[in-house]
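The values are calculated or read from the model by the stated rules, or taken from the named source; none is laboratory data. Since this is a predicted model, take the numbers as computed values, not measurements. For neighbour counting, all protein chains shown are included, and Cβ atoms are generated from backbone atoms with ideal geometry for every residue, glycine included. The accessibility values were calculated without ligands, DNA or RNA, using every heavy atom of the protein model including side chains. Shrake-Rupley method; radii C 1.70, N 1.55, O 1.52, S 1.80 Å.
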Amino acid sequence: MSRKKIYHVIDVSQKMIKTFPKQGYQQVYFNAVFYRNGKKLNSIDQAEVSNFSALIRSYDKSENPDKVKVEFKDKASGTLIWAKTFEWHEVDEELPRNLSGYAGLGEAEITDMVQRKFSEMERSKEIERMSIELSRLQSLNEELEFQVQDMQNSLEAKKQVEYYSSIIGMALPGLAKFLSNSPIGTAINFLAGTSEDEKTLDSPQTDEGTIQRTTILEMIQGFCSTLSNQELGSLYLLLSEIEKDRSQLQRILQQITQSPQSTNL
């Protein structure tokens, strides 16, 4: 093989080697198979790309081929990146065009086209990556908004409990004791740092009577929460008198439930 032919093989291949990093391939190896008169000769297998030119020239001298098949593969995945078979009669047809000032695309034009193509591919990949990242951030933002709303609701509920506990615990401490077994009493104990675990462990199984009692206490607690400070104070004084003599509770109930006519009598 003439020097011009083998250098043509090396020149074309080297130009493609320069494009591999732009395609994302950092570690590449090559294979080269040499033929003469249709018969396979010795070959180069999985050689480093950095040794391409030297090995091709060396095997060209020893094998004197009339055809060379070159292929480049990604070292990590084994993916075929580029392959070409050079036959000397085809090379003879290409060389005169190059040497006679063939007016087709030159090296600079081809390199520019390849660069533009890879730039478009990179932009497409970047747009796709940014789209995925945008979706992830939108999802994260929605989750954070939900968490903030949940925290705000919890804070508002805690403020309400603290407000009523301050009225009961500071202004009317006796009423806090009266409501100690109600749900609001549990909230007061929690805010005060006390625990009801022992009471829970010692309490018997809830029966129907206990459920009714709990329901009534919850209704009383709900009613108390709607009272003004003055009304709540009056209720406290009333409960204090009943606590001294619980028989008054029935008399007060009878008086309230009497019909208007019987009251006037």
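Name every residue in the range 1-51 that is of a type in the set (D, E, K, R), surrounded by fewer than 15 Cβ atoms within 10 Å (Cβ to Cβ) and more than 21 Å from Phe118 (Cβ to Cβ), in order of residue number.
If the condition is that a residue be of a type in the set (D, E, K, R), surrounded by fewer than 15 Cβ atoms within 10 Å (Cβ to Cβ) and more than 21 Å from Phe118 (Cβ to Cβ), then Arg3, Lys4, Arg36, Lys39, Lys40, Asp45, Glu48 are the ones that fit.
Across the range 120-147, what is the number of residues that are of a type outside the set (Asp, Glu), under 30 Å from Gln23 (Cα atoms) and open to solvent by 100 Å² or more (accessible area, probe 1.4 Å)?
7
Hey, can you tell me all the residues within the range 19-51 that are outside any strand (DSSP E or B) and either among the acidic types (Asp, Glu) or in contact (Cβ under 8 Å) with a residue 60 or more places away in the chain (or both)?
Those that are outside any strand (DSSP E or B) and either among the acidic types (Asp, Glu) or in contact (Cβ under 8 Å) with a residue 60 or more places away in the chain (or both): Thr19, Phe20, Lys22, Gln23.
For the range 1-21, how many residues meet the condition of being basic (Lys, Arg) and modelled with pLDDT of 90 or more?
Going through the range 1-21 one residue at a time, the tally reaches 2.
Taking Leu249, is it more than 23 Å from Lys159 (Cβ to Cβ) and modelled with pLDDT of 85 or more?
No: the conditions fail for Leu249.
Residue-wise test of (1) modelled with pLDDT under 85; (2) surrounded by fewer than 13 Cβ atoms within 10 Å (Cβ to Cβ); (3) at positive phi.
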residue	(1), (2), (3)
Leu201	yes, yes, no
Pro204	yes, yes, no
Asp207	yes, yes, no
Gln212	yes, yes, no
Glu218	no, no, no
Cys224	no, no, no
Asn229	no, yes, no
Leu232	yes, no, no
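Return yes when Lys4 is more than 41 Å from the chain's Cα centre (by Cα), in a helix (DSSP H, G or I) and either among the β-branched types (Val, Ile, Thr) or more than 14 Å from Trp82 (Cα to Cα) (or both) and no when it is not.
Yes: the conditions hold for Lys4.
Looking at the range 52-78, which of the residues that are in a strand (DSSP E or B) and more than 50 Å from the chain's Cα centre (by Cα) is surrounded by the most Cβ atoms within 10 Å (Cβ to Cβ)?
Val68
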